[in-house]
């Protein structure tokens with residue numbers, strides 16, 4: 001495991017050969033501002049980036065219009081739904097959906113009063129983390145209801161899950177307070193440890209053959 005950089009992250013977006021991120025930094029003037037950087041894993045170098053590059057990478061074609069529709073385009077995590085619509089999920093449970101370049105839905109989504117975050121798409125449904133309920137849920141956008149819950153306040157499966165990713169028919173869950181990434185197999189829904197750290201784990205993602213984790217102390221290449 002190799003530490004790449006320490007940063008006060010606002011957002012990080014995986015790319016094909018690295019990632020682009022927005023971090024809060026102190027400028028030479030003493031003021032704080034959001035600054036964009038891009039990491040290229042091929043040459044193992046960091047580069048300055050700008051807001052338009054970030055928007056284009058995060059939102060793709062028509063990204064600048066989508067960012068304008070959302071307003072807050074930086075603090076959300078996004079997925080593409082089965083019908084091609086973009087779903088943006090915010091830490092407070094706000095959900096926004098953009099279809100055909102237009103903001104069509106804004107809602108608040110929670111599970112038993114606890115806001116959801118960090119969507120991950122599998123088939124027609126969306127998985128969400130529910131940090132304050134120590135659970136993950138499978139939510140049907142089509143039917144507007146929770147189809148399945150794994151974990152819960154009285155179980156030990158998860159401990160403040162805050163980030164979800166799906167790779168190879170498995171759901172990977174970053175548990176901030178237990179320092180673990182756990183996985184759920186979609187074949188039998190068994191929950192297993194995937195990686196264990198010695199500090200808070202915020203996010204996990206893959207770029208090609210490389211794996212990365214965002215821990216409290218920085219961004220690491222695994």
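Key figures
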quantity	calculated
Test for residue 165: is it out of contact with any helix residue (DSSP H, G or I) (no Cβ under 8 Å at 6 or more places or on another chain) and part of a loop (DSSP other than H, G, I, E, B)	no
Restricting segment 1-15 to residues that are closer than 22 Å to residue 164 by Cβ and within 17 Å of the chain's Cα centre (by Cα), the residue that is surrounded by the fewest Cβ atoms within 10 Å (Cβ to Cβ)	10
Selection status of residue 177, surrounded by fewer than 16 Cβ atoms within 10 Å (Cβ to Cβ) and on the phi > 0 side of the Ramachandran plot	no
Segment 84-96 - residue that is farther than 15 Å from residue 11 by Cβ and either surrounded by fewer than 17 Cβ atoms within 10 Å (Cβ to Cβ) or touching a residue at least 60 places away in the same chain (Cβ under 8 Å) (or both) and, of those, nearest to the chain's Cα centre (by Cα)	92
Members of segment 186-199 that are in contact with a strand residue (DSSP E or B) (Cβ under 7 Å, 6 or more places away or on another chain) and within 18 Å of residue 162 (Cα to Cα)	191, 192, 193, 194, 195, 196, 197, 199
Residue under evaluation residue 156, criteria (1) assigned to a strand (DSSP E or B); (2) surrounded by fewer than 16 Cβ atoms within 10 Å (Cβ to Cβ), criterion not met	(1)
Identity of the residue in segment 116-146, modelled with pLDDT of 95 or more and part of a loop (DSSP other than H, G, I, E, B), that ends up nearest to residue 88 (Cα to Cα)	116
Residue in segment 107-114 that is assigned to a loop (DSSP other than H, G, I, E, B) and closer than 17 Å to residue 55 by Cα present	no
Any hit, segment 202-221, residues being surrounded by 14 or more Cβ atoms within 10 Å (Cβ to Cβ), outside any strand (DSSP E or B) and either in contact (Cβ under 8 Å) with a residue 40 or more places away in the chain or out of contact with any strand residue (DSSP E or B) (no Cβ under 6 Å at 6 or more places or on another chain) (or both)	no
Residue among 18, 34 that is more than 24 Å from residue 130 (Cα to Cα), in contact (Cβ under 8 Å) with a residue 40 or more places away in the chain, over 15 Å from the mean Cα position of the chain (by Cα) and crowded, with 18+ Cβ neighbours inside 10 Å	18
Test: residue 199 is within 30 Å of residue 45 (Cβ to Cβ), without any contact (Cβ under 8 Å) to a residue 60 or more places away in the chain and part of a loop (DSSP other than H, G, I, E, B)	yes
So residue 151, is it surrounded by 14 or more Cβ atoms within 10 Å (Cβ to Cβ) and either over 29 Å from residue 39 (Cβ atoms) or modelled with pLDDT under 95 (or both)	yes
Residues of segment 57-83 that turn out to be at pLDDT 95 or above, farther than 20 Å from residue 36 by Cβ and surrounded by fewer than 13 Cβ atoms within 10 Å (Cβ to Cβ), as a count	1
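The values are calculated or read from the model by the stated rules, or taken from the named source; none is laboratory data. Quick caveat, the model's predicted, so the values are computed rather than measured. We place every Cβ from the backbone using ideal geometry, glycine too, and count neighbours over all the protein chains shown.
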